[in-house]
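Since every read-out is calculated from the coordinates, none of them should be taken as a lab result. On a predicted model such as this, the values are computed, not experimentally measured, just so you know. A quick note on method: Cβ atoms are made from the backbone with ideal geometry, for glycine too, and the neighbour counts reach across all protein chains shown.
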Amino acid sequence: MTGEGDISVREWICWDGESPEEPTSTLVLTTPSATFLDIRLLLRVPIGLDWGFSGSSESLPPTPSEPEVPRKMWNHVIDSRCAWGVTPQSDEGTMYPVPGRPEACLEKGAMEKVPGSGVSVGYEEMWVSVDPRPVGNERDRHGMVLSLSSPEEKTRGIVIRVAQFCQGMIMIDDEISLERWEYHVADGGWQRVAKLGERFLPCQWTFEGGKAENVEAGKSVKDDDGKVEWKVDEKFSW
């Protein structure tokens with residue numbers, strides 16, 4: 001499949017009445033089919049999770065007052081703030097261009113500042129797109145989506161690679177494990193830069209020479225024990 005993936009990082013968030021700040025390392029990977037994984041790691045030691053969620057995004061009709069400004073909705077399928085059986089809420093925002101910064105986008109909307117409070121607060125978020133690049137011996141930029149769904153085990157998982165970034169998250173009931181990987185030439189290739197939890201995540205399967213490299217979209221790959229099966233939902237390059 002051809003089509004471009006997107007890599008976005010957040011520069012800051014600003015709640016109504018407050019100053020901009022960035023308490024997290026937030027990375028969003030999005031595929032040509034609009035499947036995304038948004039992981040927001042707290043900037044502290046030891047590592048912590050502010051929020052992680054995955055699903056699909058879609059464009060919304062613009063408002064009559066701002067017909068030229070795009071609006072988007074993110075439909076959550078997996079959400080670190082929702083245990084098994086709880087339906088995650090979607091969120092939406094209006095995406096404003098930033099003068100003089102074609103790589104940046106200012107998102108405005110409203111959401112809970114305190115999770116579970118039921119009180120929505122206005123916010124602004126500054127997003128910046130990162131240039132995807134080929135890695136290793138790959139001539140093109142590659143991407144892949146792996147998914148896991150096992151209702152009888154209350155398990156759901158997602159791994160997304162876009163070019164030089166890969167991250168994954170798995171939830172078993174309300175237990176969360178996640179990983180983030182980046183490709184660093186100076187450090188010899190793929191490096192796991194963040195890990196939370198003890199569950200296995202097949203991020204390395206998406207790399208050059210990995211277990212899923214030659215598996216067609218729609219097929220599945222089993223772990224070494226043959227007990228857990230991850231589906232290859234999407235493969236793309238550009």
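Brief remarks on what is shown
- If only the Cβ of Lys and Arg carry +1 and only the Cβ of Asp and Glu carry -1, the dipole of the chain around its Cα centre is close to 380 debye.
- Subtracting the Cα-Cα distance of residue 50 and residue 65 from their residue separation scaled by 0.36 nm leaves 2.0 nm.
- Reported label for calculated Rg/Rh (Cα atoms, Kirkwood Rh) given (i) 0.96; (ii) 1.06; (iii) 1.00: (i)
- Listed values for the range 208-216 are Karplus-derived 3J(HN,Hα) couplings in whole Hz (6.51 cos²θ - 1.76 cosθ + 1.60, θ = phi - 60°), namely 4, x, x, 4, 9, 4, 9, 8, 6, and x replaces Gly and Pro.
- The range 125-214: trypsin sites (Lys or Arg not before Pro) in DSSP loop, at most 12 other beta carbons within 10 Å: 139
- Among the GluC sites (Glu not before Pro) in the range 141-222, those located in a DSSP loop and surrounded by at most 10 other Cβ atoms within 10 Å of their own Cβ are 198, 216.
- Over the range 20-143, relative contact order from alpha-carbon pairs under 8 Å, at least 6 apart, %: 13
- Part-to-part distance (alpha-carbon centres) for the range 98-160 and the range 189-236, which is given in Å: 19
- The distance between label points at residue 133 and residue 113 comes to 3.9 nm (points 7 Å beyond Cα on the Cα→Cβ vector).
- Computed from label points 7 Å out along Cα-Cβ, the spacing between residue 219 and residue 77 is 2.1 nm.
- The string of couplings for the range 104-112 from the Karplus curve (6.51, -1.76, 1.60, θ = phi - 60°) is 10, 8, 9, 9, 10, x, 8, 7, 5 Hz, one whole number per residue in order, with x for Gly and Pro.
- Cross-link pairs 211/231; 154/222; 108/195; 72/108; 72/154 - those with Cα-Cα distance over 21 Å: 108/195; 72/154
- Note on 225, 173: ascending count of other Cβ atoms within 10 Å places them as 225, 173, the fewest first.
- A simple spin-label model places pseudo-atoms 7 Å from Cα toward Cβ; at residue 95 and residue 43 they are separated by 2.5 nm.
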